[in-house]
Structures are given as C-alpha cells and as structure tokens.
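Structure first, then comments.
The values are calculated or read from the model by the stated rules, or taken from the named source; none is laboratory data. Remember, predicted model here, so these are calculated numbers, not experimental data. Please note: Cβ atoms are built from the backbone with ideal geometry, for glycine as well, and neighbour counts cover all protein chains shown. Calculation scope for accessible area: heavy atoms of the full protein, side chains included, ligands and nucleic acids excluded. Shrake-Rupley method; radii C 1.70, N 1.55, O 1.52, S 1.80 Å.
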Amino acid sequence: METIVNKKVLWIKFLLVFLSSYSCSEVALGIGWPYLCGKYGFSKKISLEAKIASLENINVLNIRGAWNFYSYKNIRSFFAAEIGYVTFDSLGLKGDGFECGVPIGGEYFITKNLSLSCDLSPTYIMLASENTKVSSFEFVVNLAVYWYFSKR
C-alpha cells in the first residue's frame, strides 16, 4: 500500500509542476494531517482539489470543487462540495464506502506562495463491510499548508 501511495504522490507532483509550467492559473501542493493534496485554480473564483489521505489502514481518495466567494488582501474565503471514496481494513473489519461534504473555510496567505487553510465540513459518511453497513453525518475539520508553484 505504501508503494501505491508513493507512486500517486510522485504522479501528483509531476502533474502540478507540469501544469504550473504551462499555465497562468494557480497550482498548489498541500500537506495536511493525514493527507496530501493538489489544487488547480481555473480562475480567481473556481478551483479543483484532489486529496489522498491515509491513516491506520483507512484510506480516502477525495475530489473537491471550490468557489472562492470572498477575497481581501491575504485572506480568501471559500465554499466547496466534495466527494470521496473510502477503503478500510481496521479493527477486524474490511470494506469500503464513500463520503460527501460541503466545507466552508478560509485560507490565509503567509507569503505570496505559502498559505494556511482551515475548513469545517458537515460530511455524510457511508461505509460497508461484508456483514455491516453504517452511515452517519459527522463534522470534519481540515487544516493544511499549501505551497503555490504558480500564482495569478
């Protein structure tokens, strides 16, 4: 599993460097706990983000579309919609499922290329194993540091 994650991380880094070299849009790599993500800004208002999270045999592959509804100096506020695929092999259970949420948050630019982001998301999570199905609404907090390769 670690080799697959390392290959995915290398692939994301390659895509980010490639996109930042041939684009005028914002391209960033983010590091959160426990995830890595890549962000591509199509415009000043719209961005797309892909995340890979892994902790204790629980893995999430997630995609998020965000609308930056407010920006002033070095602060940006956003509203997003996200969906993700979850796999797990933990506590004697093995299975998969999905999650979807609607995060709202902000990003503070420490420098032109470095930012700190935080969001809160009411998230619906549905998981299933061989004998069990579970679903619930949870609140998820994401905290990440982003490095922008290119900036508008």
So, with a 1.4 angstrom probe, what is the percent of accessible area on the chain that is carbon and sulfur? 68 percent
Going by alpha carbons, how many degrees (0 to 90, nearest 10) lie between the helix axis of 2-21 and the longest principal axis of the chain? 20 degrees
Residues whose placed amide H lies under 5 Å from that of ILE46, excluding near-sequence neighbours: ASN68
Mind checking which of VAL27, VAL60, VAL134 has the largest fluctuation in a GNM of the chain, springs on alpha carbons under 10 Å? VAL134
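Could you work out the relative contact order of the chain, using alpha carbon pairs under 8 angstrom and six or more residues apart, expressed as a whole percent? Show your work: numbers first, answer last.
On the way: 367 pairs, mean separation 30.4, N = 152.
Relative contact order for the chain comes out at 20 percent.
Can you pick out the pairs among LYS8/LYS45; LYS7/LYS94; LYS45/LYS133; LYS8/LYS112; LYS51/LYS94 whose Cα atoms lie more than 30 Å from each other?
Working: LYS8/LYS45 27 Å; LYS7/LYS94 23 Å; LYS45/LYS133 38 Å; LYS8/LYS112 27 Å; LYS51/LYS94 22 Å.
In this structure, LYS45/LYS133 exceed 30 Å between Cα atoms.
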I'm spelling it out carefully: the read-out is Rg/Rh (Cα atoms, Kirkwood Rh), the candidates are [x] 0.93; [y] 0.99; [z] 1.22, and one was derived from this structure. Which label? [y]
Taking the Cα centre of the chain as origin, sum charge times position over the Cβ atoms of Lys and Arg (+1) and Asp and Glu (-1), and report the length of that vector in debye to the nearest 20. 820 debye
Once Lys and Arg get +1 and Asp and Glu get -1 on their Cβ, which of THR123, GLY38, VAL140 lies farthest toward the positive end of the dipole of the chain? GLY38
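For segment 79-152, what D do you get in µm² per second when you plug the Kirkwood radius from alpha-carbon pairs into Stokes-Einstein at 4 °C and 1.567 mPa s?
On the way: Rh = 14.3 Å.
My calculation gives 91 µm²/s for D.
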Contour minus end-to-end for LYS112 and VAL134, with contour as 0.36 nm per residue of separation and end-to-end as the Cα-Cα distance? 3.6 nm
When ligands, DNA and RNA are left out and all protein chains stay put, how many square angstrom of accessible area per residue does the chain have with a 1.4 Å probe? 62 Å²
